Amino acid sequence: MRSLARGLGFNITVFSKPTPEQEKRQQEEMERALKKTLLVPTSPIRKPNDFYSRNREWHGLLINAGAVEADDALELTAAISDWMTDLDGIWDMSSAGQRLEYSAAISALCLELEGLGHLTHFGHFRQQHMHDKGMILDIGMITFLPKAGHDGDRYGIVTLEDPWEVPEQDRPNL
């Protein structure tokens, strides 16, 4: 076993059965990770309904433009981010016609950004306060990704900071 492990570049413990204490610790680590990590489904915004049908009032907004470097594309990501921020607090009190106008303006910016080689992915997730289990927040998520290799629906990985965790009903089962 040692020779096989050495030949494969593995630690010999890979071939041994964990002790009950190790299994318990691994289970606890997995449960802790599931409380803090989310796979957030996102879809590109290409037409007004892509935004209109999924947007609502959010308790918070997560915006990730880390993959955008060109100045002209950054200007568009900033404009889209500004729209999202400006809609905070007025979406729910806007008429359906106003919401459609906002959605059309945002989707037009997203299409312009797509012309520069980036997609605007939009999704949302929920997080729960660890100590006040009744405090659950809905968070909107906008991620700007290079179009190449990111067309279609995607998943964003979000790691929650303390004191937040994934609500129990939203966690995968082990």
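See the values below:
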| item | result |
| --- | --- |
| SER3, SER16, SER107 arranged by Cβ crowding within 10 Å, fewest neighbours leading | SER3, SER16, SER107 |
| At 1.002 mPa s and 20 °C, Stokes D of the chain from Kirkwood alpha-carbon radius, µm² per second | 114 µm²/s |
| FRET E, pair GLN26, ALA5, Förster distance 22 Å, beta-carbon r, rounded to 0.05 | 0.65 |
| Among ALA73, LEU4, ASN49 - extreme Cα towards positive end, dipole of the chain, charges at beta-carbon | LEU4 |
| Karplus-derived 3J(HN,Hα), 6.51/-1.76/1.60, for each residue of the range 55-61, Hz, glycine and proline x | 7, 7, 6, 10, 7, x, 9 |
| ³J(HN,Hα) computed for each position of the range 67-72 - Karplus, 6.51 cos²θ - 1.76 cosθ + 1.60, integer Hz, glycine/proline x | 8, 9, 10, 5, 4, 5 |
| Sites ASP72 and ARG46 - FRET efficiency at Förster radius 25 Å, r taken between beta-carbons, to 0.05 | 0.85 |
| Degrees separating the helix 96-115 axis from the principal Cα axis of the chain, which is the longest one | 70 degrees |
| Least to most buried among ILE63, ILE139, ILE157 (fewest other Cβ within 10 Å first) | ILE157, ILE63, ILE139 |
| GNM top mover of ARG46, ARG56, ARG32 - the chain, alpha-carbon springs below 10 Å | ARG32 |
| Candidate lysines for bridging to LYS147, where Cα separation is under 27 Å - those fewer than 8 sequence places away on the same chain excluded | LYS47 |
| ³J(HN,Hα) computed for each position of the range 137-151 - Karplus, 6.51 cos²θ - 1.76 cosθ + 1.60, integer Hz, glycine/proline x | 10, 8, 10, x, 9, 10, 10, 9, 10, x, 4, 4, x, 10, 6 |
| Sorted by Cβ density within 10 Å, fewest first, the residues HIS124, HIS118, HIS59 | HIS59, HIS124, HIS118 |
| Rounded Å value of the spacing that divides the Cα centres of the range 95-174 and the range 12-50 | 19 Å |
| Lysines whose Cα lies under 21 Å from that of LYS35, excluding same-chain neighbours fewer than 8 positions away | LYS24, LYS133 |
| Relative contact order computed over the range 1-124 (Cα-Cα under 8 Å; 6+ residues apart), in percent | 37 percent |
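Laboratory data are not the source of any read-out in this text; all were calculated from the coordinates shown. Since we're looking at a predicted model, the values are computed, not measured. Neighbour counts are summed over all protein chains in view; Cβ atoms, including those assigned to glycine, are modelled from backbone coordinates with ideal geometry.
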